[in-house]
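Please read the structure below before turning to the comments.
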Amino acid sequence: MQHIISIRDFTRQDLDSFLDRAELVERGGFDPRMLEGKILALLFFEPSTRTRMSFASAMARLGGTSISVDSVEASSIAKGETLADTIRVVSGYADAIVLRHPKEGAARLASEFATVPVINAGDGAGQHPSQTILDLYTIRRSMPLDGLEIGLLGDLRYGRTAHSLAHALSLYDVTLHTIAPPGLDLPLSVVHELRRHGMEVVKHGDVGKVIRDLDVLYVTRIQRERFPDSASYYDVASSYRITPDLLEGAREHLIVLHPLPRVDEIDPAVDRTPFARYFEQSRNGIPVRMALLQEVMG
Ligand code: CP
């Protein structure tokens, strides 16, 4: 049984193999009845548009069916049931479980009680591995993953997509430039781990100072829901914004990515520039998640 919990569990070879498989799927190299008769349970205890819908769509494209719980309120967790019991029960209803949960470590815990594969669809400020694979896929469609200068901008403290992606990139020959508002830097434990993998990590105070040196700029929103109070959120809200002016002088091949949803950190005028790849990135969730479902259920 293969769970997908954290990018830390993957080797570079594993990631490359997923990317190759997703590429094959995108070219039509898949059996549309491969998962016929299989059921995927989508347990989403935090809001989601992309992850939930793209897993459901990927499952349908492979001939399978999805069942879902879309909030704590709509499940018996609201009546006091533990996550462990929920997972034990849902294991009897489905052939794999996709779980989004507000608490870091929830997917790992779920995998200990599940009798079917568990895919982590985001656990608090922890990890979001399927997002990372589609991020890598989007970059690799434009340029080889080695030898890149990649900027991570935004809430690097609470942003799980940033944590997952940074770990994955440390398996490649990448220099990571981090740019975060005060107090939202990449946790030191993560920086130390990346450096142990041999990655060069350079911290910057202002995206404008580094934009000309980047091949990829990965923007994240401030994770308002993870802040202890609204005052500390408003201290940093709207403290950075990517605009067409800021992108003047950027490398011609720069791509701007964002896991979405965005709030105000990318000016919609950027959408019309050749740098904007975040909607393509969200579309890439389909072949990547089809490849993941093939792996865990095929
Ligand atoms: N990128 C991402 O995880 O989006 P959703 O929260 O809409 O699933």
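The values are calculated or read from the model by the stated rules, or taken from the named source; none is laboratory data. The shown structure was predicted, so the numbers you read here are calculated from the model rather than taken from an experiment. A quick note on method: Cβ atoms are made from the backbone with ideal geometry, for glycine too, and the neighbour counts reach across all protein chains shown.
What tally of residues in region 34-51 results from selecting those that are surrounded by 15 or more Cβ atoms within 10 Å (Cβ to Cβ) and farther than 18 Å from Ser91 by Cα?
The qualifying residues number 5.
Residue check: is Arg224 modelled with pLDDT under 95, among the basic types (Lys, Arg) and assigned by TED's automatic domain parsing to the domain that holds Tyr158?
Criteria met by Arg224.
Could you look through region 1-30, keep only residues that are free of Cβ contacts under 8 Å to residues at least 40 places away in the same chain and not in a helix (DSSP H, G or I), and pick out the one that is surrounded by the fewest Cβ atoms within 10 Å (Cβ to Cβ)?
Gly28
For Leu148, are the conditions met, namely being surrounded by fewer than 23 Cβ atoms within 10 Å (Cβ to Cβ) and not basic (Lys, Arg)? First the steps, then the outcome.
Working: surrounded by fewer than 23 Cβ atoms within 10 Å (Cβ to Cβ): yes; not basic (Lys, Arg): yes.
The answer is yes for Leu148.
Taking region 31-83, which residues are part of a loop (DSSP other than H, G, I, E, B) and within 13 Å of the ligand (Cβ to nearest atom)?
Once the filter is applied, which keeps residues that are part of a loop (DSSP other than H, G, I, E, B) and within 13 Å of the ligand (Cβ to nearest atom), region 31-83 yields Phe45, Glu46, Pro47, Ser48, Thr49, Asp70.
When residues of region 83-110 are filtered for being surrounded by fewer than 20 Cβ atoms within 10 Å (Cβ to Cβ) and either assigned by TED's automatic domain parsing to the domain that holds Leu165 or not β-branched (Val, Ile, Thr) (or both), how many remain? Before you say what the answer is, go through the steps one by one.
Taking region 83-110 first, the residues surrounded by fewer than 20 Cβ atoms within 10 Å (Cβ to Cβ) are 83-85, 88-89, 91-93, 95, 102-105, 108-109.
Going one step further and asking which of them are either assigned by TED's automatic domain parsing to the domain that holds Leu165 or not β-branched (Val, Ile, Thr) (or both), we end up with 83-85, 88, 91-93, 95, 102-105, 108-109.
Final tally of qualifying residues: 14.
Rundown of residues vs (1) touching a helix residue (DSSP H, G or I) at 6+ places or on another chain (Cβ under 7 Å); (2) without any contact (Cβ under 8 Å) to a residue 60 or more places away in the chain; (3) aliphatic (A, V, I, L, M), yes/no style:
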{"position": "Gly208", "(1), (2), (3)": "yes, yes, no"}
{"position": "Tyr218", "(1), (2), (3)": "yes, no, no"}
{"position": "Asp229", "(1), (2), (3)": "no, yes, no"}
{"position": "Ser238", "(1), (2), (3)": "no, yes, no"}
{"position": "Glu252", "(1), (2), (3)": "no, yes, no"}
{"position": "Ile266", "(1), (2), (3)": "no, yes, yes"}
{"position": "Tyr278", "(1), (2), (3)": "no, yes, no"}
{"position": "Arg283", "(1), (2), (3)": "no, yes, no"}
{"position": "Leu293", "(1), (2), (3)": "yes, no, yes"}
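In this structure, does Val256 turn out to be of a type in the set (Val, Ile, Thr), in the same structural domain as Val207 (by TED's automatic domain parsing), surrounded by 13 or more Cβ atoms within 10 Å (Cβ to Cβ) and closer than 16 Å to Thr132 by Cα?
It is true that Val256 is of a type in the set (Val, Ile, Thr), in the same structural domain as Val207 (by TED's automatic domain parsing), surrounded by 13 or more Cβ atoms within 10 Å (Cβ to Cβ) and closer than 16 Å to Thr132 by Cα.
Examine region 92-110 for a residue that is more than 24 Å from the chain's Cα centre (by Cα) and over 19 Å from Thr161 (Cα atoms), and state whether such a residue exists.
yes
Determine which member of the set Leu136, Leu83, Leu145 is closer than 26 Å to Leu35 by Cα and aliphatic (A, V, I, L, M).
Leu136
Please name all residue pairs, on different chains or six or more residues apart, with Cβ atoms under 8 Å, provided the first residue is in region 43-60 and is under 15 Å from Val118 (Cβ atoms) and modelled with pLDDT of 95 or more and the second residue is of a type in the set (A, V, I, L, M) and near the ligand (Cβ under 8 Å from one of its atoms).
Phe44/Ala121; Thr51/Ala121; Phe55/Ala121
Would you point out the residue of region 243-277, among those that are over 18 Å from Glu149 (Cα atoms) and within 20 Å of the chain's Cα centre (by Cα), that is farthest from the ligand (Cβ to nearest atom)?
Once the filter is applied, the top-ranked residue is Asp264.
Would you check which residues across region 170-207 are surrounded by 13 or more Cβ atoms within 10 Å (Cβ to Cβ), within 21 Å of the chain's Cα centre (by Cα) and not in a loop (DSSP other than H, G, I, E, B) and list them?
Val174, Thr175, Leu176, His177, Thr178, Ile179, Val190, Val191, Glu193, Leu194, Val201
Would a scan of region 118-139 turn up a residue that is touching an Asp or Glu at 6+ places or on another chain (Cβ under 7 Å), within 13 Å of the ligand (Cβ to nearest atom) and closer than 12 Å to Tyr218 by Cα?
Scanning region 118-139 turns up at least one residue that is touching an Asp or Glu at 6+ places or on another chain (Cβ under 7 Å), within 13 Å of the ligand (Cβ to nearest atom) and closer than 12 Å to Tyr218 by Cα.
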